[in-house]
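Each remark here refers to the structure printed beneath this line.
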Amino acid sequence: MKKILFFTCMFLFAFDLYQGSAEELVRVRLENFVGDTNEIQMRITGDYFTIDPTLTLQEGVNYRLYVNKGNLYLRGGEVNQQVDPSFLLIPRNYDENHRVYINERPYLGAMEFQLENNQNVRPVNQLPLEDYLKGVVPLEVFSSWNIEALKAQALAARTYAVSHMKEDMDDTTFYQVYGGYAWNVRTTQAVEATRGQVITFKNKLIDAFYSASNGGMTENNKNVWGGKSRSFYPIKEDPFDPVHPWEFTLSKTQIYLEDIDWDSIDGFDGLQEKDKEIAAAMKRSVNRQGYPGEIVILSIPKFEVNPKKFNSKRSMTGSIEVEFLQRLIDGTILLGKVALQDVNLNQIRPMIGGTIFKSYYIDSLDSDDKKYVMRGRGYGHGVGMSQWGASIMGDKGKNYEEIIQFYFPGTSITNYERK
């Protein structure tokens, strides 16, 4: 905790010194791009300093930051040494010429490299709020969209970020996708045009949820996450959303057990499911449900969606069964089965994958002896702003204030004041 406080104070000092006043700072754990890894490649442009007076990094040198036996090491140029498990890089000046490149992706601001679980390197970027947003908006929407839609997205992203400022945010869809110094001229213009503006309801920040497409019908927050229903997340038809129909097919049998050649040396290693992408999601889900080791999906004997729906026409619950082989670390192979009966669909969707099972707005689920076919509409939870709907509203001449009012009715646009 002391190191984190010191890091924050030092970075605030740097911004005070070179910008005249300290802007609100955002901390972002880099998980989406980096993943879980015990090694990263890193280099800098510009002058950076660390809290270790004996350690100096040179501009343009390629450094390797890696974990070995539970310790963090830095190697490159004239540096070859163990570093603190919370290794900090702080720019002498904050500007676009000072960048930290991680696996060749540039980031502005300060970078903390944490030793995570004694085995992974976890970068944590800290930078001003507005510049963070410039790295969010071009990854959340298409920069070619109408500028008013981009402004609405900037406003929603800023509101969401400020409302989660005290949390340890990451760069995944769990919070907001963030790509570092991946700025675009048009989205940067949208961020700057709405600088400091947030969405409030009765003088309080809202979460400002958004998703790619609501399928033509918005959703209430209570139906997705529980809790108290919010009036600015109504269930209503959206004439601007382009619906985005989708479908996927899932084979009931992925691998026939009787076809496996157990006498072959690579009999298990050579097994491959029919639906590779869905099977990959199922394997991760099976691991998370308490089955360690290597997993091979054999079949999905049951996959159902119950007929009861919310007023938003979205499905609520369903059932699924997955049969699989599990190979333990000692080579033992077991036959296993996961069965979820009449559970919330948010437990089943991850087993298929959110990019395939795109929403809970399901039109049909049909099956025969060999396969399941699901059809639906929308992409995401459907609460708050539809990004595609906002784009079409902009094309129809609506300004960003009108877009915000349509998707967050009863709210106000106000200037954020740092507390």
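The values are calculated or read from the model by the stated rules, or taken from the named source; none is laboratory data. What you see is a predicted model, and the numbers here were worked out from it, not measured in a lab. Cβ atoms come from the backbone with ideal geometry, glycine included; neighbour counts cover every protein chain shown. For the accessible areas, the whole protein counts, side chains as well, though only heavy atoms, and no ligand, DNA or RNA atoms are used. Shrake-Rupley method; radii C 1.70, N 1.55, O 1.52, S 1.80 Å.
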What accessible surface, in Å², does a 1.4 Å probe find on Arg375, ignoring ligands, DNA and RNA and rounding to the nearest 10? 90 Å²
What the Cα atoms of region 224-275 span along the principal axes, largest first and in whole Å, is 63, 28, 16
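Give me the 1.4 Å probe accessible area per residue for region 111-198, excluding ligands and nucleic acids, in Å². Mind showing how you got there, number by number?
Values: 2870 Å² over 88 residues.
For region 111-198, the solvent-accessible area averages 33 Å² per residue.
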Specify which residue in the list Asn399, Ile300, Pro138 is farthest towards the positive end of the charge dipole of the chain, using unit charges on the beta carbon of Lys, Arg (+1) and Asp, Glu (-1), about the Cα centre. Asn399
Inter-label distance for Asn346 and Asn93, nm, one decimal - labels placed 7 Å from Cα along Cα-to-Cβ: 4.7 nm
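Classify the chain as rounded, prolate or oblate from the Cα gyration tensor: take a ≥ b ≥ c as the square roots of its eigenvalues, call it rounded if a/c is under 1.5, otherwise prolate when a/b beats b/c and oblate if not.
Since a/c reaches 1.5 but b/c is at least a/b, the shape of the chain is classed as oblate.
What 222 nm value per residue comes from the helices of the chain, counting each DSSP H run with n ≥ 4 as -39,500 (n - 2.57) and dividing by all residues, nearest 500 deg cm²/dmol? Write down the numbers at each step before the final one.
Details: 10 runs with 97 residues, N = 419.
That comes out to -6500 deg cm²/dmol.
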Relative to the present Cα-Cα distance, how much length would full extension add between Ala339 and Asp168 at 0.36 nm per residue of separation? 58.2 nm
Net lengthening on full extension, Lys204/Asn399 (0.36 nm per residue, minus Cα-Cα): 67.9 nm
Cα gyration tensor shape of region 24-91, rounded if a/c is under 1.5, else prolate or oblate by comparing a/b with b/c: rounded
Gyration tensor verdict on region 133-221 (Cα atoms; rounded if a/c is under 1.5, prolate if a/b is larger than b/c, oblate otherwise): rounded
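Viscosity 1.002 mPa s, temperature 20 °C: give me the Stokes-Einstein translational D for region 251-341 in µm²/s, with Rh taken as the Kirkwood radius over C-alpha pairs. Intermediate results must be reported in sequence, preceding the final value.
Values: Rh = 14.4 Å.
The calculation lands on 149 µm²/s.
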Name the residues whose placed amide hydrogens come within less than 5 Å of the amide hydrogen of Met217, ignoring near sequence neighbours (fewer than 5 apart) on the same chain. Asp238
Which part of region 236-251 falls in the paramagnetic zone of Glu321, meaning amide N under 19 Å from the point 7 Å along Cα-to-beta-carbon? 250-251
Based on the Cβ-Cβ distance of Leu365 and Asp52, what FRET efficiency does E = 1/(1 + (r/R0)^6) give at R0 = 41 Å, to the nearest 0.05? 0.10
Using per-residue counts of other Cβ atoms within 10 Å, averaged over each peptide, order 292-300, 55-63 from highest down. 292-300, 55-63
By accessible area (1.4 Å), largest first, Leu89, Leu115 order as Leu115, Leu89
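Accessible area of the chain with a 1.4 Å probe: how many percent of it is carbon plus sulfur? It would help to have the intermediate numbers written out before the result.
Details: 9420 of 19970 Å².
The value for the chain is 47 percent carbon and sulfur by accessible area.
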For His381, the accessible surface traced by a 1.4 Å probe with all protein chains present amounts, in square angstrom to the nearest 10, to 40 Å²
